[in-house]
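Structure first, then comments.
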Amino acid sequence: MSIVSCVTVTVPATTANLGPGFDCIGAALTLYNEFKFTRLEEAGVIISVTGTGAETVKTDESNLVYQAFVTFYQHLQQTPPPVKIEIKMGVPLARGLGSSATAIVGGLIGANLLAGEPLSQSQVMELAIAIEGHPDNVVPALLGGCRLAATADNAWEICEIPWHNNVVPVVAIPDFELSTKQARQVLPTQVSRADAIFNTAHLGLLLRGLETANNNWLKTALQDKLHQPYRKALIPGYDAVNSAALATGAYGMVISGAGPTLLALTDELHSQAVATAMTAAWKQQGISAIVRSLSLDTQGASSTTQP
């Protein structure tokens, strides 16, 4: 078997939670980061970054892509090879679109291919979840589509969620960051039984709504009581953007991941009007935002190799 000397990995952005699916559901979107790994002759690591937010990405050994790369070889009890990593950023950092998940998945896949693929896709997935701490972003980043993850006997069961082609995700990405740590800190440590039942019912309805694009089901299903009521206070203009999205035909709006990106689900007919209205609503709050109508990525992480 020939030794692979160069690997390019493309990983999609993700949106997690989708309202009531807190920490268990996520979907891959058609927005991407690209990672190129090239073996070096001499010891060390060289990291370069271009694209969206490149100036804020670390280029030393603390870089998350490299950390995942090293963790892979530690898992095999091997020394990582010297490597050059070239990162092309298309997914903005600290915006709730799974940028860290793309880094982890990209680093693990690049390492696995350079090592001759000793781990299966499911083993790479388990390692990615262990690094990230939860499955909702790394699983769809790796596998594509919309995925529900649940634990069973210390292992993960992953379920693909059917997504109707007339359910269109519109992301509104503001020009400010919100760290996952900060978004976690505002959450209560306990919730009422009523709120737990509310979310269980709404998650079940969400799964059927995504499959059928049933307008009434999705409008109801996207409501949540576990995280969004607490996190929306961290996002200036949330209520105004939500009202604008609903008024122009969105099924509903949720916080993407930990935020501050807001995600509206709508149909093809209304997607442009929803995007325009969300942009205008935030502009009225003095906030600039990039608003894009995307699609569900069904492929997940992809790669090419060179000998």
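The values are calculated or read from the model by the stated rules, or taken from the named source; none is laboratory data. Small disclaimer: the values here were computed from a predicted structure and weren't measured. All Cβ positions, glycine included, derive from the backbone under ideal geometry; neighbour counts span all protein chains shown. In case anyone asks, the SASA skips ligands and DNA or RNA and just uses the protein heavy atoms, side chains included. Shrake-Rupley method; radii C 1.70, N 1.55, O 1.52, S 1.80 Å.
Let me confirm something: among Ala115, Ala68, which residue is out of contact with any strand residue (DSSP E or B) (no Cβ under 6 Å at 6 or more places or on another chain), among the hydrophobic types (A, V, I, L, M, F, W, C) and open to solvent by 20 Å² or more (accessible area, probe 1.4 Å)?
Selected residue: Ala115, the only one of Ala115, Ala68 that is out of contact with any strand residue (DSSP E or B) (no Cβ under 6 Å at 6 or more places or on another chain), among the hydrophobic types (A, V, I, L, M, F, W, C) and open to solvent by 20 Å² or more (accessible area, probe 1.4 Å).
Return a yes/no flag: does segment 133-153 have any residue that is open to solvent by 20 Å² or more (accessible area, probe 1.4 Å), over 18 Å from the mean Cα position of the chain (by Cα) and not charged (D, E, K, R).
Yes - at least one qualifying residue is present in segment 133-153.
If only one of Val70, Val83 is in contact with a Lys or Arg (Cβ under 7 Å, 6 or more places away or on another chain) and not charged (D, E, K, R), which one is it?
On the way: Val70 fails: in contact with a Lys or Arg (Cβ under 7 Å, 6 or more places away or on another chain).
None of the others qualify; the one that does is Val83.
When you scan segment 174-281 for helices (runs of 4 or more DSSP H) that lie fully inside it, which ones turn up with 1 or more residues that are open to solvent by 20 Å² or more (accessible area, probe 1.4 Å), within 21 Å of His134 (Cβ to Cβ) and among the β-branched types (Val, Ile, Thr)?
On the way: elements: 180-185, 193-212, 215-221, 228-231, 238-247.
It comes to 180-185, 193-212.
Counting just the residues of segment 20-42 that are within 30 Å of Leu265 (Cβ to Cβ) and among the β-branched types (Val, Ile, Thr), which one comes out surrounded by the fewest Cβ atoms within 10 Å (Cβ to Cβ)?
If we filter segment 20-42 for residues that are within 30 Å of Leu265 (Cβ to Cβ), which is where we start, we get 20-35.
From what is left, the residues that are among the β-branched types (Val, Ile, Thr) are 25, 30.
On the way: Ile25: 26, Thr30: 15.
Applying the filter and picking the extreme gives Thr30.
Is it true that some residue in segment 84-103 is over 25 Å from Gly259 (Cα atoms) and open to solvent by less than 50 Å² (accessible area, probe 1.4 Å)? Talk me through it step by step, then tell me what you get.
Keep residues of segment 84-103 that are over 25 Å from Gly259 (Cα atoms), which gives 84-86.
Filter once more, so that each one left must be open to solvent by less than 50 Å² (accessible area, probe 1.4 Å): 85.
Yes, some residue in segment 84-103 is over 25 Å from Gly259 (Cα atoms) and open to solvent by less than 50 Å² (accessible area, probe 1.4 Å).
So, in segment 43-64, of the ones that are of a type in the set (Asp, Glu) and part of a loop (DSSP other than H, G, I, E, B), which residue ends up least open to solvent (accessible area, probe 1.4 Å)?
Taking segment 43-64 first, the residues of a type in the set (Asp, Glu) are 55, 60-61.
In the following step, the residues that additionally are part of a loop (DSSP other than H, G, I, E, B) were identified as 60-61.
Values: Asp60: 82, Glu61: 111 Å².
The qualifying residue least open to solvent (accessible area, probe 1.4 Å) is Asp60.
So is Leu207 within 20 Å of Ala149 (Cα to Cα), within 21 Å of the chain's Cα centre (by Cα) and touching a residue at least 40 places away in the same chain (Cβ under 8 Å) or not?
Values: within 20 Å of Ala149 (Cα to Cα): yes; within 21 Å of the chain's Cα centre (by Cα): yes; touching a residue at least 40 places away in the same chain (Cβ under 8 Å): yes.
Considered against the rule, which asks whether it is within 20 Å of Ala149 (Cα to Cα), within 21 Å of the chain's Cα centre (by Cα) and touching a residue at least 40 places away in the same chain (Cβ under 8 Å), Leu207 comes out as yes.
I'd like to know if segment 164-172 contains one or more residues that are in a loop (DSSP other than H, G, I, E, B), more than 22 Å from Ala27 (Cα to Cα), open to solvent by 50 Å² or more (accessible area, probe 1.4 Å) and not hydrophobic (A, V, I, L, M, F, W, C). It would help to see each step written out before you state the result.
Initially, segment 164-172 is screened for residues in a loop (DSSP other than H, G, I, E, B), giving 164-167.
This time we only want the ones that are more than 22 Å from Ala27 (Cα to Cα), so: none.
No, segment 164-172 has no match at all.
Report whether or not Glu34 is of a type outside the set (Ser, Thr, Tyr), in a loop (DSSP other than H, G, I, E, B) and over 13 Å from Leu114 (Cβ atoms). Talk me through it step by step, then tell me what you get.
On the way: of a type outside the set (Ser, Thr, Tyr): yes; in a loop (DSSP other than H, G, I, E, B): no; over 13 Å from Leu114 (Cβ atoms): yes.
For Glu34, the condition - of a type outside the set (Ser, Thr, Tyr), in a loop (DSSP other than H, G, I, E, B) and over 13 Å from Leu114 (Cβ atoms) - is not met.
So is Leu226 touching a residue at least 24 places away in the same chain (Cβ under 8 Å) and touching a strand residue (DSSP E or B) at 6+ places or on another chain (Cβ under 7 Å) or not?
Working: touching a residue at least 24 places away in the same chain (Cβ under 8 Å): yes; touching a strand residue (DSSP E or B) at 6+ places or on another chain (Cβ under 7 Å): no.
Against the criterion (touching a residue at least 24 places away in the same chain (Cβ under 8 Å) and touching a strand residue (DSSP E or B) at 6+ places or on another chain (Cβ under 7 Å)), Leu226 does not qualify.
With respect to the numbered conditions (1) farther than 28 Å from Gly51 by Cβ; (2) assigned to a helix (DSSP H, G or I), which one is the sole condition not fulfilled by Thr151?
Unmet for Thr151, out of (1) farther than 28 Å from Gly51 by Cβ; (2) assigned to a helix (DSSP H, G or I): (2).
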